[in-house]
Amino acid sequence: MLETFIEFFRQLADDHPRWNFIFFYEPRQWARIVKGLQYTLILSFACVILSVIIGVVGAWLQSSPSKWIRRFVQGYIQFFRNTPPFVQLLFFYFALGQFTPAVTGPDGWTEIPIISNVGWAIISLSFFAGAFNVEIFRAGIEAVPESTQEAADALGFSRMQTYKEVVLPLAFRVSLPALNNNLVNLVKTTTQAIGIAVPELLYQCVSIWNDYPSAQYPTMLLLFFSFIILVGLLVFGMHRWEKAMYIPGYGE
Amino acid sequence: MSTQSWTDSQPIVSIKDVHKSFGNLEVLKGISLDVMKGEVVCIIGPSGSGKSTLIRCINALNDIQSGSIEVQGIEVNDKALNKLELRKKVGMVFQQYNLFPHKTALENVMMAPIKVLKQSPADVEKRARELIAKVRLQGKEESYPGELSGGQQQRVAIARSLAMNPDVMLFDEVTAALDPETVKEVLVTIKDLAEEGMTCMLVTHEMGFAKEIADHIYFTDRGVIVEHGPPTTFFDQAKDERTREFLSQIL
Ligand SMILES: Nc1ncnc2c1ncn2[C@@H]1O[C@H](COP(=O)(O)OP(=O)(O)O)[C@@H](O)[C@H]1O
Ligand SMILES: [Mg+2]
């Protein structure tokens with residue numbers, strides 16, 4: 001079965017030189033794709049989680065009684081929303097990366113920065129998407145009636161408890177569709193990590209077609225296909241979540 | 001604790017010369033009243049006269065500019081007020097029920113004792129089920145607020161407040177948003193409570209109910225208490241022109 005599959009693509013490359021699906025029949029290229037997928041998954045997963053956390057915390061801070069905290073959050077949002085994420089990525093890696101300490105590697109002489117390029121990609125993309133998530137959650141929070149929070153207040157809930165037990169669960173439900181969109185964008189934006197040589201899927205594909213120009217169309221196809229699947233899984237998961245959070249008689 | 005000095009012979013809620021403004025608008029212009037333990041007090045008066053504001057000041061949902069409000073010896077008008085201690089003593093029921101829409105009736109009742117009082121969930125659940133039975137909602141434990149009628153939601157809200165074991169219950173026009181048919185079931189619940197000796201302060205437009213249940217009635221207009229007295233004398237022998245006019249309109 002697998003044999004026929006491999007043989008088919010080897011033959012296809014022979015017959016039609018522009019359709020060289022080299023990664024399907026050459027194990028070394030396949031290994032590159034697998035590695036690329038792994039990194040794309042790691043980036044996506046880490047950034048989705050982190051950016052949602054940033055969104056939740058940021059939205060909480062935006063309702064802080066301190067004017068300075070609110071201004072700080074507002075400044076953060078303005079900066080990350082109004083500048084290109086690719087430039088942010090380069091800035092984090094090349095500018096901030098210089099100031100983070102490095103440790104000496106096991107060989108005794110190489111300097112390994114404590115935050116790798118993968119680390120910087122995760123940080124920068126998370127803050128980028130997080131800025132939008134703060135806004136998204138804030139809109140959700142504003143949709144929670146003041147009177148519902150007041151009821152929690154009157155029952156003795158602290159500000160934190162009211163946020164965690166009442167405001168967030170309700171705000172989440174309102175925010176899900178917008179959050180969904182932003183996370184889809186985030187997953188697609190992980191390809192920009194190629195700019196700082198994170199070996200994710202786009203990086204691997206570009207390397208393959210640089211080495212084998214005949215593999216360019218197939219690798220592009222693979223890229224589209226992979227992201228359709230990846231984003232499809234995310235959207236499927238989000239819809240499942242939305243369903244699980246459905247409350248009978250609420251929000252119709 | 002400051003409550004140690006408080007005894008049953010003193011008013012459980014003692015309001016003295018309270019002034020409250022929203023910006024330039026003075027809403028409470030020197031309100032004084034005392035409520036003894038076990039008493040049922042009704043506050044009536046035209047819309048906008050400051051009834052809700054007064055009720056909300058008692059559990060510090062609004063702050064006051066001057067005067068004093070003491071609940072079992074806790075001074076509410078105190079910068080260092082421990083709001084949690086106050087809110088353990090004071091239960092509040094709102095006109096719009098304000099249930100947590102993402103929690104079932106049972107969970108609504110259980111939430112505060114578990115999260116705020118840190119009581120064991122098993123004990124709380126047992127008590128919550130009893131409270132739901134008490135407000136005559138057996139069988140609705142697993143329903144969400146959106147699946148309940150207004151009257152049913154309001155009774156869940158009452159049970160939710162009672163779960164905190166308050167010493168005083170505040171009701172702010174709790175039947176005003178209800179269909180006429182369901183008003184009664186809520187009033188019956190409040191009456192049960194009053195008969196068990198719960199101290200209650202009610203803002204209401206249900207004059208028949210006030211007459212039946214209240215130990216004392218206060219009539220407020222434009223931020224002052226115009227007239228007050230036990231229901232027998234209050235309804236039949238109102239002295240102030242404003243009171244008589246209000247009563248003639250509403251009765
Ligand atoms: N949060 C607020 N901000 C400004 N004005 C308020 C606020 N709450 C109430 N008021 C005003 O205070 C007055 C008294 O309101 P309220 O206490 O709700 O009266 P009542 O419950 O007797 O109808 C009204 O004129 C109202 O507009
Ligand atoms: Mg009112």
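Worth pointing out:
- By a 1.4 Å probe calculation restricted to protein chains, A:R32 has an accessible surface near 60 Å², given to the nearest 10.
- Solvent-accessible surface (1.4 Å probe) assigned to B:K37 amounts to roughly 110 Å².
- With contacts taken as Cα pairs under 8 Å at a separation of at least 6 residues, chain B carries a relative contact order of 25 percent.
- Interface size A-B, as summed buried accessible area [1.4 Å probe, Å², nearest 100]: 1900 Å²
- B:L84, A:L125, ranked by accessible area, largest first (probe 1.4 Å): B:L84, A:L125
- Helical runs (DSSP H, four residues minimum) scored at -39500 (n - 2.57) apiece and divided by the length of chain B put the mean residue ellipticity at 222 nm at -11000 deg cm²/dmol.
- Rounded to the nearest 5, the antiparallel percentage of DSSP beta bridges internal to the protein assembly as shown is 60%.
- Taking B:G67, B:G223, B:G139 in turn, the Gaussian network model of chain B (Cα-Cα springs below 10 Å) assigns the largest fluctuation to B:G139.
- These residues, A:W68, A:W60, go from largest to smallest accessible area, 1.4 Å probe, as A:W68, A:W60.
- At the residue level, B:E70 shows approximately 70 square angstrom of accessible surface with a 1.4 angstrom probe and all protein chains present.
- Across chain A, the volume of the C-alpha convex hull divided among the residues equals 191 Å³ per residue.
- The range A:107-241: relative contact order in percent, alpha carbon pairs under 8 Å with at least 6 residues between: 26 percent
- Full extension of the chain between A:E111 and A:M220 gives 35.7 nm of extra length, using 0.36 nm per residue less the Cα-Cα distance.
- Cross-link partners for A:K35 among the lysines, with Cα-Cα distance under 19 Å and sequence neighbours closer than 8 places in the same chain left out: A:K188.
- Between A:N185 and A:I53, the FRET efficiency estimated from the beta carbon spacing at R0 = 25 angstrom works out to 0.90.
- Eigen-decomposition of the gyration tensor built on the alpha-carbon atoms of the protein assembly as shown gives equivalent ellipsoid semi-axes of 64, 25, 19 angstrom, largest listed first.
- Sites A:K243 and B:Q10 - FRET efficiency at Förster radius 56 Å, r taken between beta-carbons, to 0.05: 0.50
- Within the accessible area of chain B (1.4 Å probe), percent carbon and sulfur: 47 percent
- Computed with a 1.4 Å probe over protein heavy atoms only, the accessible surface of chain A comes to 54 Å² per residue.
- Legend: residues in the range B:96-111 shielded by at least 30 square angstrom of accessible surface upon adding the remaining protein chains to the isolated chain (1.4 Å probe, heavy atoms) are B:N98, B:F100, B:P101, B:H102, B:M111.
- Given A:K164/B:K88; B:K16/B:K79; B:K118/B:K184; B:K51/B:K140; A:K164/B:K79, the pairs whose alpha carbons are separated by over 28 Å: B:K118/B:K184; B:K51/B:K140
- Evaluated over chain B, the Cα radius of gyration and Dmax, each in Å: 18.0, 56
- Hull volume per residue, based on the alpha-carbon atoms of the range B:31-123 and their convex hull, is 150 Å³.
- Over chain A, dividing the summed -39,500 (n - 2.57) contributions of all DSSP H runs of at least 4 residues by the number of residues returns a 222 nm mean residue ellipticity of -23500 deg cm²/dmol.
- Of the listed residues B:M111, A:M245, the order by accessible area with a 1.4 Å probe, largest first, is A:M245, B:M111.
- Of all the options B:E141, B:E85, B:E227, the one that moves most in a Gaussian network model of chain B with Cα springs shorter than 10 angstrom is B:E85.
- A straight line joining the Cα centroids of the range B:57-78 and the range A:86-162 runs 41 Å.
- Per residue, chain B exposes 43 Å² of solvent-accessible protein surface, assessed with a 1.4 angstrom probe and all protein chains in place.
The values are calculated or read from the model by the stated rules, or taken from the named source; none is laboratory data. As the structure is a computational prediction, the values presented were derived from the model and not from experiment. Counting neighbours? That spans all protein chains shown, and the Cβs are built from the backbone with ideal geometry, glycine included. Just so you know, the surface numbers come from the protein's heavy atoms only, side chains and all, with ligands and any DNA or RNA stripped out. Shrake-Rupley method; radii C 1.70, N 1.55, O 1.52, S 1.80 Å.
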